[in-house]
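The values are calculated or read from the model by the stated rules, or taken from the named source; none is laboratory data. In this text the structure is predicted, and so the values were computed from the model without any measurement. When we count neighbours, we look across all protein chains shown, and the Cβ atoms used for this are built from the backbone with ideal geometry, even at glycine. Heavy atoms of the whole protein, side chains included, go into the accessibility calculation; ligands, DNA and RNA do not. Shrake-Rupley method; radii C 1.70, N 1.55, O 1.52, S 1.80 Å.
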Amino acid sequence: MKKLLWSSPLWLSAVLAAAPAQAQQTAARTVQGTVLDANGRTPLPGVNVLVKGTSQGTQTDGNGRYSLPNVPEGATLVFSFIGYATAERPATADTQDVTLTADAQNLQEVLVTTSFGIQQERRQINFGAQEVQAKDLIDSRQPNIVNALQGKVAGVQITSSGGGAGEGAAIVIRGGSSLDADNQPLFVIDGILMDNSSFTESTAPGGGSAFNGILGRSVGSPNRAGDLNPEDIESMTVLKGPAGTALYGLRGANGVVIITTKKGKAGTARVDFRTQYSVEEVNRLPRLQDQYKQGNGGVFDPTVRGSWGPRFAPGETVYDNLGNFFQKGHSVQNFVTMSGGTDKGTFLLSASRLDTRGVTPENKFDRTTVRLAGTMKFSPKISGSGSAQYLNSGGERPLQGPGLFGGAGGFFVSLLNWPRNDDARNYLNPNGTRRRLTPASLGSADADNPYWTTFNNPQTDRNNRFLGNVQLAYDPTTWLRISYNIGSDLFTDRFRSVRAVGTSQPNNQFGGISETTTLNRALTSNLLVQFTKQFGENVGATLLLGNTVEQQTRETTDVIGLIFQNPDFVSINNTVNRNALTTNTTRRIIGNVARLNLDLFRQVIVELAGRYDGSSTLPRPDQDKIYGRWFPYGSASVGYEFTRTLGLDGFGYFALIVAL
């Protein structure tokens with residue numbers, strides 16, 4: 001599928017804070033200048049320029065230039081940029097040019113977010129952990145953050161469920177580990193477990209969504225990680241292997257994707273707006289024969305679908321049913337973000353809207369998100385952060401799979417074998433009923449017209465979701481940190497599948513409807529204690545101890561109704577035969593975690609990690625208990641950074657790692 005993108009970012013900045021009233025007016029000036037790299041003397045864009053001790057500031061433009069008005073007399077300007085040493089200059093002149101020197105120590109100590117949101121130096125990580133920054137996600141122009149990881153993380157396979165609007169994507173890390181179970185990794189956002197499931201039709205007796213009668217799906221559905229606004233994400237870290245995921249226990253067996261969201265930055269309040277428009281069209285279609293009409297043995301026969309009839313006469317119309325069915329898809333995305341703060345606290349307020357029309361008729365998807373987040377430093381030793389976001393998404397999709405209890409398949413299968421002497425766009429009889437390709441066919445013998453399927457057998461879904469967390473941290477000393485993080489992932493899914501009167505779907509010729517409603521509540525609680533101590537110049541140690549509680553409650557109600565009493569009124573209350581099934585599940589996991597990281601001579605890293613889990617779903621008959629069996633996980637790894645030993649620091653970071 002080809003996609004054309006047009007994106008127009010607009011940056012709007014405004015100073016929202018006013019200086020407090022004073023008895024006397026203080027002299028102020030506008031300071032401007034250029035910030036350069038000390039080595040290459042090249043301009044540095046995006047450098048933060050802040051009046052020390054205030055929220056008043058700005059950033060350098062693409063040419064490294066800045067202009068900061070209303071700078072008080074005697075103030076000090078602070079220039080900071082990632083990878084460079086922070087510089088301070090007194091605002092004693094109207095023009096202040098600054099050169100920043102690369103901070104070699106900071107470059108060596110790049111921090112990566114790992115388990116439970118803890119940041120570690122890149123050189124101290126003895127397992128597969130690859131981080132993708134916000135810019136890379138946004139530049140991909142993908143509305144689904146899982147698709148945005150395509151080609152950016154080694155060993156990660158991304159598979160889209162289809163090319164329709166809003167259809168989901170599956171992610172597998174280092175290959176699948178199970179033949180029939182879910183192989184997708186665990187998703188964690190700001191330390192809170194996040195659901196990334198996709199809708200699967202129920203095959204339980206009486207289940208309302210068992211419209212296909214098999215384990216496959218009759219329609220592509222979104223994955224729940226696709227609900228997120230890409231503009232809200234600061235970084236995504238993919239943890240691979242048992243050494244990297246041991247602290248997440250059973251749920252991290254397939255790997256872990258850690259999402260860190262934006263919470264605002266200190267400086268002048270800033271409003272960013274970005275809009276993006278894309279056009280999609282099918283890149284290539286299968287080649288179909290255009291020599292023979294409907295029939296058998298060279299003889300025209302309107303009672304069969306096969307195209308083995310007579311040849312088309314010269315000049316006779318040959319319908320391009322396959323090409324006519326597909327159309328250009330359009331997608332519009334709008335993002336607005338407001339952020340700012342001081343050295344005491346930051347805030348971020350964002351909103352986004354996505355509207356997509358797919359390449360097939362009646363295929364559409366929309367998503368709306370609103371998010372509020374921030375940080376606060378209550379005292380030199382106590383800090384906190386929080387985030388709350390509401391997400392609403394849903395759409396309409398055509399039937400793609402085999403359909404109810406078998407059937408001839410979705411619209412694409414029907415298009416491939418539709419005779420080219422017949423115009424598939426003519427799908428209605430004069431009285432408004434379905435026109436059959438083979439009029440003599442009854443029941444399910446004649447596959448549904450693809451246009452009739454898309455207009456009369458819609459598959460719709462709607463998701464309402466809330467994600468939020470609150471975290472508090474206490475630093476009684478420089479080597480001890482105690483933190484507590486609690487959050488929830490709450491959503492309601494509603495899926496609806498309709499079969500109109502006259503369909504060829506087996507057992508549904510008189511119409512049918514199914515509705516599945518899922519209420520999911522996930523609660524995560526993490527208590528962590530981290531000890532970080534340097535013993536002389538050659539030995540450093542970090543010890544992490546923690547307790548985590550994970551509880552997920554899911555209630556699913558499937559309802560099916562067959563035979564519409566009024567063929568023009570689509571409702572479960574309009575059906576003759578009805579069945580319903582409600583399924584409730586609750587699972588609780590309590591885990592105790594520990595990790596010891598030793599940094600020896602800043603060259604050798606030794607790490608031991610373990611987790612002891614108790615699951616509510618595992619019985620203990622030997623103790624006369626029907627739940628709560630405990631089981632351990634563990635890992636050990638050793639890494640040797642030989643580039644430092646050989647004095648090759650300037651050539652990058654290379655290490656030998658052995659992990660169990």
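Annotations for the structure displayed:
- Hits in region 577-596 - residues which are β-branched (Val, Ile, Thr), modelled with pLDDT under 95 and either open to solvent by 80 Å² or more (accessible area, probe 1.4 Å) or under 30 Å from Ala636 (Cα atoms) (or both): Thr586, Ile589, Ile590
- Output for region 567-623, where each listed residue is of a type in the set (Phe, Trp, Tyr) and closer than 30 Å to Gln120 by Cα: Phe601, Tyr612
- Taken as a whole, the condition of being over 30 Å from Ser497 (Cβ atoms), surrounded by 14 or more Cβ atoms within 10 Å (Cβ to Cβ), modelled with pLDDT of 85 or more and over 33 Å from the mean Cα position of the chain (by Cα) applies to Asp599.
- Filtered residues of region 490-513 (kept if in contact with a Ser or Thr (Cβ under 7 Å, 6 or more places away or on another chain) and among the hydrophobic types (A, V, I, L, M, F, W, C)): Phe495, Ile513
- A residue that is surrounded by fewer than 17 Cβ atoms within 10 Å (Cβ to Cβ) and touching a strand residue (DSSP E or B) at 6+ places or on another chain (Cβ under 6 Å) occurs somewhere in region 389-412.
- Matching residues in region 280-320 - criterion: being charged (D, E, K, R) and either more than 30 Å from Gly162 (Cβ to Cβ) or part of a strand (DSSP E or B) (or both): Glu280, Glu281, Lys293, Asp301, Arg311, Glu316
- Of all residues in region 334-350 being in contact with a Ser or Thr (Cβ under 7 Å, 6 or more places away or on another chain) and either without any contact (Cβ under 8 Å) to a residue 60 or more places away in the chain or assigned to a loop (DSSP other than H, G, I, E, B) (or both), the one that is least open to solvent (accessible area, probe 1.4 Å): Gly345
- Breaking point among (1) within 30 Å of Gly386 (Cα to Cα); (2) part of a strand (DSSP E or B), for His330: (1)
- Subset tally (residues that are touching a helix residue (DSSP H, G or I) at 6+ places or on another chain (Cβ under 7 Å) and farther than 30 Å from Asn431 by Cβ) for region 547-579: 1
- Exactly one residue among Leu527, Leu618, Leu544 is open to solvent by 50 Å² or more (accessible area, probe 1.4 Å) and at pLDDT 95 or above, and that residue is Leu527.
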